[in-house]
Structure formats: structure tokens, C-alpha cells
Amino acid sequence: MKLAVAGKGGSGKTSVAGTLARLLARGGVARLVAVDADSNPNLGLTLGLTPEESARLRPLPRTILKREKDESGKVHVSLAEEPAVILSRHGFAAPDGVTLLLMGAVDHAGAGGMCGAHAAVRTRVGELVEENDRPTVIDMEAGLEHLSRGTIRHTRTALLIVEPYFKSMETGARMDALARELGIPRVLTVANKVRGEADRRALAEFCAGRGMELAAEIPFDESFLEAERKGRAPLDHDPSSPAIQALQQLSVKLT
């Protein structure tokens with residue numbers, strides 16, 4: 001399993017990615033790796049780490065990369081260590097046997113973006129996923145850039161998280177087209193924060209009109225907001241909530 005979770009900012013992709021990772025692990029997907037590839041990393045909290053534990057997380061260091069010149073003098077960057085070694089040295093233990101990897105983060109203001117070392121590490125996420133023989137769930141950067149750069153071309157499944165309003169659905173349609181252009185074998189749309197029949201109808205009609213496969217509907221769930229306010233993982237806060245039950249059904253479909 002090589003699964004990437006993508007979506008517009010605020011769509012709930014991190015909540016879906018982290019909760020799915022644990023549900024998949026509980027359902028028998030062993031040795032699962034959860035990769036936080038967002039430059040504003042929050043996957044640790046969703047996986048069930050405490051705020052204090054999450055604050056101690058450190059991204060992968062630049063030493064995992066090596067630079068080599070070919071005969072023409074062109075520089076190539078690749079992994080300096082085997083994926084199993086990277087996971088052993090730099091992975092963090094999360095609940096339900098999940099291993100968390102943090103790819104990078106914005107760590108200071110006024111730099112015009114991520115520092116070069118962290119940005120370079122994050123560009124190798126595809127290579128790490130491809131060469132790693134363990135099942136992997138990736139929480140991608142919000143927006144389209146990772147798709148336009150082909151960062152997730154080595155995944156087997158792309159989950160596109162959309163909300164039931166036009167801008168989010170339009171973003172989902174663009175993501176769907178890019179993911180298919182990359183040749184990702186399975187591209188699925190997940191409707192999140194669905195409040196009622198009007199939302200369901202709008203999402204179903206939009207996806208049908210754009211040729212998008214609507215794989216699941218996650219209802220709007222107040223318990224997810226309450227979990228956020230308390231700094232807890234939704235799965236730990238209320239494991240029987242409607243959204244958790246819908247994600248449980250999705251986890252079964254994915255396996």
C-alpha cells in the first residue's frame with residue numbers, strides 16, 4: 001500500500017490521513033509508515049502523539065541525501081541511506097504500531113520559504129516511498145504543487161479530500177486530472193464534512209460530471225472539532241463518532 005492524501009487547505013486531509021493510518025494498522029496493515037510531507041506538520045497530533053511529543057519531533061536531516069556528479073558534470077541527488085535505515089534512525093513511534101516520518105517544516109520567518117536543506121529532503125519523498133517496502137500513508141502539502149512536480153508519482157493510490165463547496169470541488173477536479181496524468185493507478189475522491197442531502201447531491205453530481213470516483217462520504221462531525229480544541233487525536237477522543245465510522249468503512253475499502 002502506497003497511499004497519498006491530498007486536498008485544499010482546510011479540507012481535513014490531515015485528519016483523514018492520520019485517522020486512516022491508525023485504522024489501517026488496527027485492521028491488520030502491519031509496519032505502516034505515516035509520512036508528514038506538509039511544511040506545516042500536524043500529523044503527529046492526529047496520530048495520537050501529545051502536543052509535547054509533537055513539539056519534540058524533528059524533520060529528516062539533510063545527511064540522508066548524497067550529491068553525485070555524472071560524466072557530464074550534472075549533479076544528481078539521491079538517498080544516502082537505505083529506506084529501512086532511515087526509518088530506523090529517524091522514525092518516531094506512534095500509536096497502533098505506526099511509524100511517523102517528518103519530511104520538513106518552515107522553521108523561521110523571512111526566509112522566503114523552507115530552508116534549502118528541508119526543501120531538498122522533501123523532494124525525495126517519492127524516492128523514499130518507492131524504495132521503502134512498508135505500507136505508507138503520506139499526508140501531502142495542501143494545494144497542487146506536489147502534483148505538478150510529480151512528487152507522488154510513485155504512490156499506488158491518491159485520496160483527494162474535498163469539501164461540499166465549489167472552490168474545493170474545483171480544486172479536487174484539478175488534482176484528479178493531475179494524478180491521472182502522473183499515472184497513479186487508483187485515484188479516489190473523499191467528500192469530507194458532509195452536512196446533509198444537499199451536500200451529497202452536489203458532490204455526487206459534480207464528481208459524476210467530471211469523471212471522478214467518489215469513494216466515501218465523511219459526515220461533518222462536531223467531535224473532530226472538539227478533539228482539535230483539546231489537542232487530541234479524533235480516534236482517541238471519540239472512537240465511535242460518525243466520521244470515525246465512515247473512515248473505518250473507507251479503510252476496509254482501501255485494503
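Listed by position, the helices (runs of 4 or more DSSP H) inside the range 216-255 whose residues that are among the polar types (S, T, N, Q) and surrounded by 15 or more Cβ atoms within 10 Å (Cβ to Cβ) number at least 1 are 222-230, 242-254.
From the list 57, 49, 20, 65, which residue is at negative phi, within 15 Å of the chain's Cα centre (by Cα) and in contact (Cβ under 8 Å) with a residue 24 or more places away in the chain?
Result of the check over 57, 49, 20, 65: 20.
Quick one: in the range 68-82, of everything that is of a type outside the set (A, V, I, L, M, F, W, C) and under 25 Å from the mean Cα position of the chain (by Cα), which residue is nearest to residue 132 (Cα to Cα)? The qualifying residue nearest to residue 132 (Cα to Cα) is 82. Between 17, 55, 21, 94, the distinction of being of a type in the set (A, V, I, L, M) and modelled with pLDDT under 95 belongs to 55 only.
Do we find a residue being at pLDDT below 85 and not charged (D, E, K, R) anywhere in the range 29-37? Looking through the range 29-37, none of the residues is at pLDDT below 85 and not charged (D, E, K, R). The condition of being touching a helix residue (DSSP H, G or I) at 6+ places or on another chain (Cβ under 6 Å), hydrophobic (A, V, I, L, M, F, W, C) and under 30 Å from residue 168 (Cβ atoms) holds for only one of 3, 49, 24, that being 24.
A quick yes/no check of all residues on (1) touching a strand residue (DSSP E or B) at 6+ places or on another chain (Cβ under 9 Å); (2) closer than 23 Å to residue 18 by Cβ; (3) of a type in the set (D, E, K, R):
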site	(1), (2), (3)
168	yes, yes, no
181	no, no, yes
193	yes, yes, yes
198	no, no, no
206	yes, no, no
209	no, no, no
231	no, yes, no
253	yes, yes, yes
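With respect to the conditions (1) surrounded by fewer than 19 Cβ atoms within 10 Å (Cβ to Cβ); (2) farther than 19 Å from residue 9 by Cα; (3) touching a residue at least 60 places away in the same chain (Cβ under 8 Å), residue 39 lacks only one, and its number is (2).
The values are calculated or read from the model by the stated rules, or taken from the named source; none is laboratory data. Values in this document were obtained by computation on a predicted structure and should not be read as measured data. Heads up, the Cβs are rebuilt from the backbone with ideal geometry, glycines too, and the neighbour counts pull from every protein chain shown.
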